[in-house]
Structure formats: C-alpha cells, structure tokens
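S.K.: Below: one structure in structure tokens.
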Amino acid sequence: VRAARRGNLLALEADGHYLHVHTDAGSDLVLYRLSDAMRELGADAGAQVHRSWWVAVGALSDERRRASLKLVNGLEVPVSRSYRLAARERGWLVG
C-alpha cells in the first residue's frame, strides 16, 4: 500500500492477487492482498464494505445512498448485503 501513488488513501479494490489503490491523486495497481493491507492500516482507518472493497474514513462524498458509496473523487463503491448493516451503523448509508 505504501508503494502506491502519493495522496490521501480513499479505497482499496481487490483484483485477484493485486490491489487497485485509489487515492485523491489517482490510482495504482500493486501486488498485495486486501487482507494484508487492511491489517496494516488498522480498524480505525476504514472498513471493508464488500469482499473486494475497503473504504477509508473520510473518503465519502456528502451524497448518501442505499446500496453503494460515492467517494470524494467520484468513484462509486458497491456495498454488499453482508456489510450493509455495518456501513449503516457508521452513517455511510441511508435507511
């Protein structure tokens, strides 16, 4: 994760054995597992919202949706049913 483009981390997207590291400066593809990246970042830095997506605290736009998240860079992130309740409890989703 540290090898990615400099900028504020917004989200991580798993793609096989690789991660798309999304920052406010753009995106990079790095060889890294999502589970290792989440462990390195710690629970306070953000939350997993889908089996292949993790979102950083502070990365959300002001627009709230029911089943997806819109990030400050315009990226739309899906929230799977199994993570939906936790995302609602964080205030990341509406109703």
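The values are calculated or read from the model by the stated rules, or taken from the named source; none is laboratory data. Worth saying up front: this structure is predicted, and the values here are computed from it rather than measured. Note that we place each Cβ from the backbone using ideal geometry, even for glycine, and neighbour counts take in every protein chain shown. For the accessible areas, the whole protein counts, side chains as well, though only heavy atoms, and no ligand, DNA or RNA atoms are used. Shrake-Rupley method; radii C 1.70, N 1.55, O 1.52, S 1.80 Å.
S.K.: Looking only at region 42-57, how many residues end up being open to solvent by less than 40 Å² (accessible area, probe 1.4 Å) and either among the acidic types (Asp, Glu) or in contact with a Lys or Arg (Cβ under 7 Å, 6 or more places away or on another chain) (or both)?
M.R.: Quick first cut of region 42-57, residues open to solvent by less than 40 Å² (accessible area, probe 1.4 Å) only: 42, 45-47, 49, 52-56.
So of that shortlist, the ones also either among the acidic types (Asp, Glu) or in contact with a Lys or Arg (Cβ under 7 Å, 6 or more places away or on another chain) (or both) come out as 47.
So the answer is 1.
S.K.: Mind checking which residues of region 1-22 are open to solvent by less than 70 Å² (accessible area, probe 1.4 Å), without any contact (Cβ under 8 Å) to a residue 40 or more places away in the chain, part of a strand (DSSP E or B) and not aliphatic (A, V, I, L, M)?
M.R.: Passing the criteria: only His20.
S.K.: Are any residues in region 28-49 assigned to a helix (DSSP H, G or I) and of a type in the set (S, T, N, Q), and if so, which ones?
M.R.: If we filter region 28-49 for residues that are assigned to a helix (DSSP H, G or I), which is where we start, we get 34-41, 43-45.
Passing the criteria: only Ser35.
S.K.: Among the residues of region 58-90, which ones are open to solvent by less than 70 Å² (accessible area, probe 1.4 Å) and either assigned to a helix (DSSP H, G or I) or among the charged types (D, E, K, R) (or both)?
M.R.: Selection gives Arg65, Lys70, Tyr83, Arg84, Ala86, Ala87.
S.K.: Right, here's the next one. Being closer than 19 Å to Gly7 by Cβ and under 12 Å from the mean Cα position of the chain (by Cα): is that true of Leu75 here?
M.R.: Yes.
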